[in-house]
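Step one of this worksheet: look at the structure below.
The values are calculated or read from the model by the stated rules, or taken from the named source; none is laboratory data. The shown structure was predicted, so the numbers you read here are calculated from the model rather than taken from an experiment. Ideal geometry is used to build each Cβ from the backbone, glycine not excepted, and the neighbour counts take in all protein chains shown. For accessibility, only protein heavy atoms count, side chains too; no ligands or nucleic acids. Shrake-Rupley method; radii C 1.70, N 1.55, O 1.52, S 1.80 Å.
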Amino acid sequence: MHRNPLTTNPHRLTLCLTLCLHSLAAYSQTAGSELAGNSAAWRMLSPSGYTGSINTPNAHVQSWGVANLAWTNSNPEYARSIDKGHFGSINAGIGLLPGLEVVGRLAFEGDLNCNLYKAGCGGGARDLSLSAKYQLPLQLGDHTRVAVGMSDFGGAATNFRQVYGVATTQWLNTELSLGYSHAQSTRALMHGIFGSARFALSPRLHLLAEHDTQERRAGVQYQHPVGDRSSLQAGYSRKWSNNTGQEANQLQLAWVLHMDRSTPRPVTQFVNPAYTATAGTATQTVASTSSAAITAQTSPVTPARSTAPKATAQSMAQALQNLGYANVKVDHWPSSAAHAGLWQISAESRTYRQSQVEAMGRALAPWVSGVRQNTVAGQDQIALTLTYQRQPVLHALAQANCLAAWAQGAPAAASATCNPTEPLTLSRTPIAQAQTLQAEREQQGPSQIAQASAGPSWAPQLTLSPAVRNTLGTEFGLVDYSLAAQMGAEVAIAPGLFWQGVYLVPISNSNDFDNGKVFGDRRFAKNQWHNSQLTYWTPLPWGLSAQASIGQITPGVTGAQWDALWMNPDGRLRLGMSGARYSRDAFTREQLPLYGQARYSIIPGAWHAEATAGQFMNGDRGFKLASVHWAGDTRVALQYQKTGDTRQPNMPTRSFAGINISLPFGPKAAVPIGPVWLRAQDQWSWGVQTKVGESNNNLTTGYGEIARQRQGLWSDVTDHDRNGQADLQAQLPRLRAILATTN
């Protein structure tokens, strides 16, 4: 009889069991740590509009500044009833705040383009909905989270509405979720207790199983990195029960594009503790700052072995011109027995227009390089002013060696003169200390003065981007559109005075945007100037700025407009007012919009609350509310408005809710073509809204419209409402990253 050597030798058996258990534990810890460390990347969008397992939610949310776009061949809430055509949903989700995600869902079935009002149309449901989930800031350990959420709120049709709560816990390489949902519509997926389990076979491959209160499903998910901060995720699952008619399609496929657009942010008291334990961005910032503090005490900036000639006003002015700055003026007072050196600089960025912080970082880079190469004295002070249309918009003050050390990751240099809490002062208003330093140097004697200009001061700025008008999920089609190419132009005339215009060239449109069709009056019909205006803006004392424009604001609408805004000293509160007198070709009376706006920065640089009230472009009166969220240069606004005009019987008071997304279109840097600078649009916007509080889904437009110039006070001057003092302070990590990568 054959004997097993393991059973006959207890020592070998013990050794084998020990090694096996050790290997299993090591694998579990590795897989578990990968599951925890990559939990943000594994927050996969489910077809029903939330981060989840397969179809059910878990307690995870999309991290702050992370976006996902998903497609699936399933609508889990109901069975497919039309064999021909398409069936499934598209989801787009983003983490708006620590612990908060918002997801837009477009569900569809059958023929996507036919008119549902006509007999014989082979189309089914076309449902556009919005969902949200919030991860509660509860301290339940490092591996347990609790979240609450709501699906399909707002709009006239709420086919999938439900509210739920769910808890998720992790042990080694296993993650378990358990929750309860209350359905508020007959098609909602869950009504009762639901649960799911996730098991990490490897960092990229997970097994899943779930029960959604009606059916059981099992599947697998795989992710593949795409670049440094993105990944492509794929999911495959199968239903193992058939208790209802729900989702007759047994096999479900899902594809998700995961994109991380977050930027390092300082930790504030608003940050969700549960978020900081998992997301990593805020905690990594704290860790790097602590490490940098140690570095600052022991590792001052090390100069290069060989040094170039000492920097002069002329050489630094030329360096800024080479970087794409125009109207450059550099005053340099070299150091003396009484004072350290001072660089007083004024420049206008033509290369970097998407962000003032980006432009400021690039402009400061020559002085950081100069310190490292021993061409700029470390004790020199740098006072730099960025201008727009030759009027100041952003000021900076720093000591050269402090700035260079901070750029390398340290909060201050070894010098005792550095301020460890504020190595760089940024301000949208003149800095008093910089003015004092200049006055002292002027008493000392004349400066070295150099000026440079990248082409003539009137050199046109051109921007290219698409223009889109579209509808989503209507009875006339899943997606209808009118597409055009647009070219924007700016021509400087005098300080603060410039001409701006936008020229449109139609490209294509869907059938429902054809002439005479349901959306025909909204299409881009011909080549034309969309707007053409003469604009003047100026900074004023006490935090005020003002602007006036005259000309054509949209086709057929001409007149004059004035705008004014004020910010309090820390920039968290902004008040604005706009008024205009426009005449429309299609109206017999003049349009007199007059509205005020208030904005408060709840989390500087990341979250603004905004309210607008008054009379809008089409004579309707009421208010608009917005929750505005920033992730890098991407802006997302959740909006609600209620307006109407009792003087017009066809414009009763109505309420709308929607979402607007703005992001830079194309590369960061503009390119010179002779005297012309060409770039993509600084902030390209797209949005969708729906009526709320009404039973019908009839299309309604023209409410709450605001007249805004593309360039000027509300965009370039305020950096798209990001250059309040508190917002600038929140963007210092970004500026440091720019300095670190440009040197």
Quiz item: In nanometres, what is the gap between the two model label sites at His86 and Leu462, each 7 Å from Cα along Cα-to-Cβ?
Solution: 3.6 nm
Self-check item: Heavy-atom accessible area order for Thr425, Thr186, Thr72, largest first, 1.4 Å probe
Solution: Thr186, Thr425, Thr72
Quiz item: For region 314-392, with every protein chain kept in place, what is the accessible area per residue (1.4 Å probe, Å²)?
Solution: 28 Å²
Quiz item: What net charge is computed for the residues neighbouring Leu364, neighbours being all others with C-beta under 14 Å from the C-beta of Leu364, Lys and Arg scored +1, Asp and Glu -1?
Solution: +2
Quiz item: What net charge do the residues around Gly149 carry, taking every other residue with its C-beta under 15 Å from that of Gly149, with Lys and Arg at +1 and Asp and Glu at -1?
Solution: +2
Exercise. Just the number, please: carbon plus sulfur as a percent of the accessible area of region 641-743, 1.4 Å probe, no ligands or DNA/RNA counted.
Key: 58 percent
Exercise. Please give the contour-minus-distance gain from Lys310 to Ala234: 0.36 nm per residue of separation, less the Cα-Cα distance, rounded to one decimal in nm.
Key: 21.7 nm
Quiz item: Counting other Cβ atoms within 10 Å, which chymotrypsin sites (Phe, Trp or Tyr not before Pro) in region 499-604 have at most 15 and lie in a DSSP loop?
Solution: Trp542, Phe587
Exercise. At 1.4 Å probe size, with every protein chain present, just tell me what the per residue accessible area of region 505-559 comes to in Å².
Key: 53 Å²
Quiz item: If you add up the charges near Phe160, with Lys and Arg at +1 and Asp and Glu at -1, over every other residue whose beta carbon is less than 11 angstrom from its beta carbon, what do you get?
Solution: 0
Practice problem: Quote the FRET efficiency, to the nearest 0.05, computed for Phe623 versus Val676 with a Förster distance R0 of 51 Å and r equal to the Cβ-Cβ distance. | Solution: 0.75
Quiz item: Karplus couplings for region 706-711 from phi (6.51 cos²θ - 1.76 cosθ + 1.60, θ = phi - 60°), rounded to Hz, Gly and Pro as x?
Solution: 10, 8, 9, 6, 5, 10
Quiz item: If one computes the Cα centroid of region 78-125 and of region 481-507, what distance in Å separates the two points?
Solution: 36 Å
Quiz prompt | Carbon plus sulfur fraction of accessible area for region 128-230, probe 1.4 Å, in percent | solution = 63 percent
Practice problem: Calculate, for Phe199 and Leu116, the FRET efficiency according to 1/(1 + (r/R0)^6) with r their C-beta to C-beta distance and R0 30 Å; round to the nearest 0.05. | Solution: 0.10
Exercise. Output ³J(HN,Hα) for region 672-686: one whole-Hz value per residue in order, computed from phi by the Karplus curve 6.51 cos²θ - 1.76 cosθ + 1.60 with θ = phi - 60°, and x for Gly and Pro.
Key: x, 10, x, x, 9, 10, 10, 8, 7, 5, 4, 9, 9, 10, 8
Exercise. Find how many whole Å separate the alpha carbon centroid of region 137-213 from the alpha carbon centroid of region 215-244.
Key: 15 Å
Exercise. For Glu705, enumerate residues with amide H under 5 Å from its amide H, sequence gap 5+ or separate chain, H modeled in the peptide plane.
Key: Met617, Asn618
Self-check item: Cα-projected label distance for Thr700 with Ile431, points at 7 Å along beta-carbon direction, nm
Solution: 5.1 nm
Quiz item: In region 111-206, what trypsin sites (Lys or Arg not before Pro) fall in a loop by DSSP, with at most 11 other Cβ atoms inside 10 Å?
Solution: Lys118
Quiz item: If amide H atoms are built 1.01 Å from N in the plane of the peptide, which residues on other chains or at least 5 residues away come under 5 Å of the amide H of Tyr388?
Solution: Val393
Practice problem: Pop the C-beta distance of Ala525 and Gln139 into the FRET formula with R0 = 60 Å and round what comes out to the nearest 0.05. | Solution: 0.55
Quiz prompt | Separation in nanometres of the label points that stand 7 Å from Cα toward Cβ, at Gln391 and Glu590 | solution = 2.4 nm
Practice problem: Taking the Cα centre of region 59-204 as origin, sum charge times position over the Cβ atoms of Lys and Arg (+1) and Asp and Glu (-1), and report the length of that vector in debye to the nearest 20. | Solution: 100 debye
Exercise. Using a cut-off of under 11 Å, list every residue of region 186-201 whose amide N is near the label point 7 Å from the Cα of Thr244 along the Cα-to-beta-carbon line.
Key: 186-192
Quiz item: How much accessible area per residue does region 91-177 have, in Å², with a 1.4 Å probe?
Solution: 38 Å²
Quiz item: Ignoring ligands, DNA and RNA, what percent of the accessible area of region 451-544 is carbon or sulfur (1.4 Å)?
Solution: 60 percent
Quiz item: If the chain between Thr538 and Gln448 were fully stretched, how many nm would it gain, using 0.36 nm times the residue separation less the Cα-Cα distance?
Solution: 29.5 nm
Exercise. For Ser457, enumerate residues with amide H under 5 Å from its amide H, sequence gap 5+ or separate chain, H modeled in the peptide plane.
Key: none
Quiz item: So what's the gap between the Cα centers of region 665-687 and region 348-370, to the nearest angstrom?
Solution: 16 Å
Self-check item: HN-Hα J in Hz across region 558-574 - Karplus 6.51, -1.76, 1.60, θ = phi - 60°, x for Gly and Pro
Solution: 10, x, 10, 9, 10, 9, 9, 9, 9, 10, 6, x, 8, x, 6, 10, 10
